[in-house]
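Participant: What follows is a structure written as structure tokens; I'll ask about it next.
The values are calculated or read from the model by the stated rules, or taken from the named source; none is laboratory data. None of the values given here were measured: they were computed from a predicted structure. Ideal geometry is used to build each Cβ from the backbone, glycine not excepted, and the neighbour counts take in all protein chains shown.
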Amino acid sequence: MAEPPQPPPLGPVPEVGAAHAGVPAPEEPEKVWELPSIDLLDTITGKHERLAAEVRNTGDKIVSTLQSFGIETRVIGANSGPTVTQYELQPAVGVPVRKILGYQTDLSLALAAPIRIQPFIPGKSAIGIEVPNKAAQLVSLKEIVESSQFGDPRNRLSVALGADVSGHPVVGDLTRMPHMLIAGATGSGKSVCINALLGGFLLQATPSQLKLILIDPKRVELSNFADLPHLLVPVVVEPESAVAALRWAVREMEERYKLFASHGARNIAVFNERAPGLGLGPLQYVVIVVDELADLMMVAAGEIEDLVCRIAQLARAVGIHLIVATQRPSADIITGLIKANIPSRIAFAVSSGVDSRVILDEMGAEKLLGRGDMLYLPIDEGKPRRLQGAFVSDRELDSLIGHWKAQGMPEYQEEIFTVEATVSWAREATKRDPLFAKAAHTVAAEGRAAASLLQRKLSVGYTRAARLIDQLADARVVGPYEGSKSREVLMDVFQVDELLAELEEE
């Protein structure tokens, strides 16, 4: 199959940090990059179609089970996907949908499988009942990127997601999403999804078109992308460096807006069209991937939330996009503000309906099967869609990364790590919480410092407790962040009293 058409070149930036200042396009010939071949990806063989008899028998069992409870229905269609088959069930006239929903557990028992019921299928007067296939099938990254959807020239940054319950490829455009939240329990497929997204980017965009900032607090999930020419900085593993990188993104966003205003451009696409006529180099798209948001929220919850929300609110037009992932989909990590500003979300299997609600605002992810089974909620749809995520192996990723590394090394912009907090953030940091004194006395008396301790003792939420810990660290009441361990308490109760007296005199 022929390779899909690639998005039009976006052009190089002379130097990150200077691009937004309207630097003239370089006179020397720009480096010519060669896109990798799709043949570097594997073709998955051995796929099989579900037997018509198997589908028919399962459909008959659904109808007969409901009939035993006095509910008349009929199956009007079935869509077999890689992981589940969706049965289109039409209730008899006068049968309320909520009555069928009430027998979900009985249907699961009759089918000897966990099922998910979709109260309505868009465009059809039918209920969707999703039943796991006896043998799940992998969806390869190759079959997604070979699709016409991935090669759609209207897409600037195609996102290879996977296949739906009918087996059709599902592709998004990050520039229209324009940011993504990915959450799920350990082993549910979150890391493979991120690898597939990045693999799709490497197949369609050169380092002159796209730059990446990869934040990997765990130090192992994104380590194989080291020395990729697309990187603005080495893979970020320290939380403090991650905060600096997000600050840089906000500053870059603001500078790009100033540049657009000076040239009458409303977004990056318009500016890049006009750039040659202005004697300027086009701007690159920037994608920031945060592999584990929870680790960053533990260090500086307040500032991380502010930075993520500011980027999510305003960065779309200037070509800066966020992909944020976490395996702790709790309300103290995925805060209401973060969720409100990142409308495109992916939920993998989670342990409870509460976690599903945090991600998607509805239950359902707790019934997923794991291993790439996901619910995808795009920005322009009201209900999530069930997909089997695209799979890319480490060998395939290494081939793609090796293709780019053979053409050149990254030109890191280390000054990104030196970006300080803006005046407004610095001023906010000096405003001590009204509970600062109580928090200081609490950690001094307990001999340990953790946000969870302050949550219990002071009856506050996680975000406020984490901000109090940050303020105690700034005042040298507690020591620096030490990973999963509680911070060391540096003052006793008497020293805390002396500190508070000094602060009152200031």
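Participant: Considering only helices (runs of 4 or more DSSP H) fully contained in the stretch 390-493, which possess at least 3 residues that are assigned by TED's automatic domain parsing to the domain that holds residue 335 and at pLDDT 80 or above?
Facilitator: Where helices (runs of 4 or more DSSP H) fall fully within the stretch 390-493 and carry at least 3 residues being assigned by TED's automatic domain parsing to the domain that holds residue 335 and at pLDDT 80 or above, they are 394-405.
Participant: Restricting attention to the stretch 173-193, which residues are among the β-branched types (Val, Ile, Thr) and surrounded by fewer than 24 Cβ atoms within 10 Å (Cβ to Cβ)?
Facilitator: 175, 186, 192
Participant: Does residue 205 meet the test of being buried (at least 24 other Cβ atoms within 10 Å of the Cβ), in contact (Cβ under 8 Å) with a residue 40 or more places away in the chain, more than 15 Å from the chain's Cα centre (by Cα) and more than 15 Å from residue 392 (Cβ to Cβ)?
Facilitator: yes
Participant: When the stretch 356-379 is examined, which residues are found to be in contact (Cβ under 8 Å) with a residue 40 or more places away in the chain and over 15 Å from the mean Cα position of the chain (by Cα)?
Facilitator: 364, 365, 367, 368, 369, 370, 371, 373
Participant: Give the stretch 260-284 a look and list any residue that's in contact with a Phe, Trp or Tyr (Cβ under 9 Å, 6 or more places away or on another chain) and surrounded by 18 or more Cβ atoms within 10 Å (Cβ to Cβ), or say none.
Facilitator: 260, 265, 268, 271, 280, 282, 283
Participant: Can you tell me which condition residue 54 does not meet? The list is (1) in contact (Cβ under 8 Å) with a residue 40 or more places away in the chain; (2) touching a helix residue (DSSP H, G or I) at 6+ places or on another chain (Cβ under 8 Å); (3) under 29 Å from residue 142 (Cβ atoms), and all the others hold.
Facilitator: Among (1) in contact (Cβ under 8 Å) with a residue 40 or more places away in the chain; (2) touching a helix residue (DSSP H, G or I) at 6+ places or on another chain (Cβ under 8 Å); (3) under 29 Å from residue 142 (Cβ atoms), residue 54 violates only (2).
Participant: Return a yes/no flag: does the stretch 309-318 have any residue that is over 30 Å from residue 257 (Cα atoms), outside any loop (DSSP other than H, G, I, E, B), out of contact with any Asp or Glu (no Cβ under 6 Å at 6 or more places or on another chain) and at pLDDT 90 or above.
Facilitator: No, the stretch 309-318 has no match at all.
Participant: Okay, moving on. Among the residues of the stretch 325-342, are any in a helix (DSSP H, G or I), polar (S, T, N, Q), touching a residue at least 40 places away in the same chain (Cβ under 8 Å) and in contact with a Cys (Cβ under 9 Å, 6 or more places away or on another chain)?
Facilitator: Yes - at least one qualifying residue is present in the stretch 325-342.
Participant: Picking from 88, 143, which residue would you name as being of a type outside the set (Gly, Ala, Ser), within 26 Å of residue 347 (Cβ to Cβ), in the same structural domain as residue 180 (by TED's automatic domain parsing) and surrounded by 12 or more Cβ atoms within 10 Å (Cβ to Cβ)?
Facilitator: Answer to the check: 143.
Participant: Now, a different point. So which of 359, 323 is at pLDDT 90 or above, closer than 17 Å to residue 160 by Cα and β-branched (Val, Ile, Thr)?
Facilitator: 323
Participant: For the stretch 85-100, indicate whether the set of residues that are out of contact with any strand residue (DSSP E or B) (no Cβ under 6 Å at 6 or more places or on another chain), in a loop (DSSP other than H, G, I, E, B) and either β-branched (Val, Ile, Thr) or at pLDDT 95 or above (or both) is non-empty.
Facilitator: yes
Participant: I've got another one for you. State the number of residues belonging to the stretch 343-379 that are in a helix (DSSP H, G or I) and either basic (Lys, Arg) or not assigned by TED's automatic domain parsing to the domain that holds residue 162 (or both).
Facilitator: 2
Participant: Kindly indicate which of 77, 81, 94, 59 is free of Cβ contacts under 8 Å to residues at least 12 places away in the same chain and out of contact with any Lys or Arg (no Cβ under 6 Å at 6 or more places or on another chain).
Facilitator: One residue alone meets the criteria, 94.
Participant: Still on this structure: For the stretch 197-250, enumerate the residues that are assigned to a loop (DSSP other than H, G, I, E, B), under 23 Å from residue 391 (Cα atoms) and in contact with a Leu (Cβ under 6 Å, 6 or more places away or on another chain).
Facilitator: 216, 222, 230, 235
Participant: Any residue in the stretch 208-218 that is surrounded by fewer than 21 Cβ atoms within 10 Å (Cβ to Cβ) and out of contact with any strand residue (DSSP E or B) (no Cβ under 9 Å at 6 or more places or on another chain)?
Facilitator: Yes, the conditions are met somewhere in the stretch 208-218.
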